[in-house]
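Notes follow the structure.
The values are calculated or read from the model by the stated rules, or taken from the named source; none is laboratory data. What you see is a predicted model, and the numbers here were worked out from it, not measured in a lab. Methodologically, a virtual Cβ is constructed for each residue, glycine included, from the backbone with ideal geometry; neighbour enumeration extends over all protein chains shown. Please note that ligands, DNA and RNA were not included when accessible areas were found on the heavy atoms of the full protein model with its side chains. Shrake-Rupley method; radii C 1.70, N 1.55, O 1.52, S 1.80 Å.
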Amino acid sequence: MATPEQIFANYQYEIYLKGIGGEVPALPIAYDELEAAAREKLSAGAYGYVAGGAGNESTVRANRDAFERWRIVPRMMRDVGVRDLSTEVLGTKMPAPLMLAPVGVQSIIHPEGELAAARAAAGLGQPMVLSGAASNTMEDVAEALGDTPRWFQLYWPNDPELAASFMERAEKAGYSAIVVTLDTWLLAWRPRDLSGAYLPFLKGEGVANYFSDPVFRAALDKPPEEDIQAAVGHWVAVYSDPTVTWERLDFLRDNTRLPILLKGILHADDARRAADAGVDGILVSNHGGRQVDGAIGALDALPDVVDAVPDDFPVLFDSGVRSGADAFKALALGARAVLLGRPWVWGLGLAGEEGVRHVLRSLLAELDLTLALSGYTSFDDVGPDSMVRVR
């Protein structure tokens with residue numbers, strides 16, 4: 001059962017009690033206000049990089065529309081006084097089924113980047129998935145996380161030795177799973193970034209894991225500290241491999257003992273093939289609408305994917321989650337845990353570690369309240385029959 005510290009809903013009472021003394025939250029509560037405040041503070045390039053999507057951003061809108069098509073049906077007269085939101089996925093215990101999604105290049109949002117996000121996650125015990133395109137090394141982020149569980153997101157490079165090195169480093173640094181992103185072998189056509197000719201990687205942002213890697217450095221004539229442009233050029237040459245197919249999944253298993261999840265699954269056939277291939281889990285995601293314009297909303301894909309795999313096969317979810325109610329819907333449709341992206345990034349931009357903590361506590365409080373007010377004490381009891389689909 002939840003301990004008093006894990007009654008996430010109590011965050012609202014902290015806010016109301018401070019209000020007695022005339023103190024109101026320093027940071028916005030509602031998502032739209034949070035994003036608007038971040039837009040005012042961040043550079044145009046940084047804001048557009050996080051907020052933007054592929055093409056005319058119809059997939060970003062599709063993600064949100066998919067949530068609106070599902071409506072929760074609360075049940076009454078149930079004892080919901082004590083709730084337990086805790087769960088475990090692939091050996092990773094979490095106080096609530098929520099993880100920080102992998103978001104790259106966080107230094108363009110805040111000088112401390114992933115380190116601030118990691119400290120906020122650690123303070124709440126919520127696991128973090130670190131982007132391979134981080135602005136801080138996986139070792140430094142692991143140190144900031146302490147004992148808090150973490151997974152590592154792998155952008156599969158076209159240098160097998162580099163890919164193996166990333167996984168070896170992650171294992172040594174205490175990461176407990178490898179999340180392989182499948183939908184970003186190539187950068188999508190992103191008008192917001194293109195209009196400002198803004199790609200921070202080319203300025204050496206978001207490449208800390210590469211520049212610190214012994215395999216990557218051995219391929220350079222001079223270390224990145226002495227010739228950053230040559231190092232960036234090598235990063236461009238190796239960062240991904242668009243020729244990867246299902247037949248090469250054995251390479252991952254041959255080079256790590258960690259559980260392997262595939263991120264970017266949207267089709268039931270791909271889900272079945274992943275399960276048959278022996279990976280340990282999948283993540284339903286369309287990269288937050290950043291890769292294929294006109295793609296299916298991630299939540300629309302979730303039910304068919306869940307139905308396609310065995311009941312005990314972990315399916316996780318991201319893309320379009322803005323609130324606790326959104327997370328409830330994804331969990332009701334079969335996700336074991338939900339990964340949150342843009343909301344906490346706006347918090348990071350506004351107030352660093354404290355901003356991330358505020359966003360996470362707000363979403364966890366709403367998730368707890370939504371669970372209780374819908375008539376449940378655990379997500380083990382929540383399912384598709386907890387909602388209806390509307391036109």
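Can you tell me which residue in the range 17-28 is farthest from P102 (Cα to Cα), limited to those that are part of a helix (DSSP H, G or I) and open to solvent by 100 Å² or more (accessible area, probe 1.4 Å)? Spell out the reasoning first.
So in the range 17-28, the residues part of a helix (DSSP H, G or I) come out as 17-20.
Restricting the remaining residues to those that are open to solvent by 100 Å² or more (accessible area, probe 1.4 Å) gives 17-18, 20.
Working: L17: 34, K18: 33, I20: 38 Å.
Across the range 17-28, the extreme among qualifying residues is I20.
Matching residues to (1) open to solvent by 40 Å² or more (accessible area, probe 1.4 Å); (2) closer than 23 Å to D227 by Cβ:
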{"residue": "A121", "(1), (2)": "no, no"}
{"residue": "G132", "(1), (2)": "no, yes"}
{"residue": "A144", "(1), (2)": "no, no"}
{"residue": "T148", "(1), (2)": "no, no"}
{"residue": "R192", "(1), (2)": "yes, no"}
{"residue": "E205", "(1), (2)": "yes, yes"}
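Here's the yes/no breakdown for (1) surrounded by 23 or more Cβ atoms within 10 Å (Cβ to Cβ); (2) touching a helix residue (DSSP H, G or I) at 6+ places or on another chain (Cβ under 8 Å); (3) closer than 19 Å to S107 by Cβ:
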{"residue": "M128", "(1), (2), (3)": "yes, yes, yes"}
{"residue": "N136", "(1), (2), (3)": "yes, yes, yes"}
{"residue": "W151", "(1), (2), (3)": "yes, no, no"}
{"residue": "Y155", "(1), (2), (3)": "no, no, yes"}
{"residue": "D159", "(1), (2), (3)": "no, yes, no"}
{"residue": "S176", "(1), (2), (3)": "no, no, no"}
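When the range 29-61 is examined, which residues are found to be free of Cβ contacts under 8 Å to residues at least 60 places away in the same chain and assigned to a loop (DSSP other than H, G, I, E, B)? The answer is A30, and nothing else.
Which ones in the range 125-171 are small (G, A, S) and more than 14 Å from the chain's Cα centre (by Cα)? If you could, list the steps in order and put the result at the bottom.
Looking only at the range 125-171, we keep the residues that are small (G, A, S), and these are 125, 131-135, 142, 144, 146, 163-165, 170.
If the condition is that a residue be small (G, A, S) and more than 14 Å from the chain's Cα centre (by Cα), then G125, S135, A142, A144, G146, A163, A164, S165, A170 are the ones that fit.
Being surrounded by fewer than 24 Cβ atoms within 10 Å (Cβ to Cβ), in contact with a helix residue (DSSP H, G or I) (Cβ under 7 Å, 6 or more places away or on another chain) and polar (S, T, N, Q) is true of S165.
Pick out, from the range 180-243, the helices (runs of 4 or more DSSP H) lying fully within it that include 2 or more residues that are under 24 Å from R290 (Cβ atoms).
On the way: elements: 191-195, 208-211, 214-218, 228-238.
Counting at least 2 such residues, we get 191-195, 208-211, 228-238.
Of all residues in the range 4-55, which are more than 16 Å from G341 (Cβ to Cβ) and small (G, A, S)? Selection gives A9, G19, G21, G22, A26, A30, A36, A37, S43, A44, G45, G55.
Looking only at the range 379-390, how many residues end up being aliphatic (A, V, I, L, M) and either under 15 Å from A96 (Cα atoms) or surrounded by 13 or more Cβ atoms within 10 Å (Cβ to Cβ) (or both)? Before the answer, list the steps.
Within the range 379-390, the first condition is being aliphatic (A, V, I, L, M), and the residues that meet it are 382, 387-388, 390.
With either under 15 Å from A96 (Cα atoms) or surrounded by 13 or more Cβ atoms within 10 Å (Cβ to Cβ) (or both) added as a condition, the list becomes 382, 387.
Residues in the range 379-390 being aliphatic (A, V, I, L, M) and either under 15 Å from A96 (Cα atoms) or surrounded by 13 or more Cβ atoms within 10 Å (Cβ to Cβ) (or both): 2 in total.
Is it the case that some residue within the range 81-91 is closer than 17 Å to A372 by Cβ and either exposed (fewer than 14 other Cβ atoms within 10 Å of the Cβ) or at pLDDT below 95 (or both)? Yes - at least one qualifying residue is present in the range 81-91.
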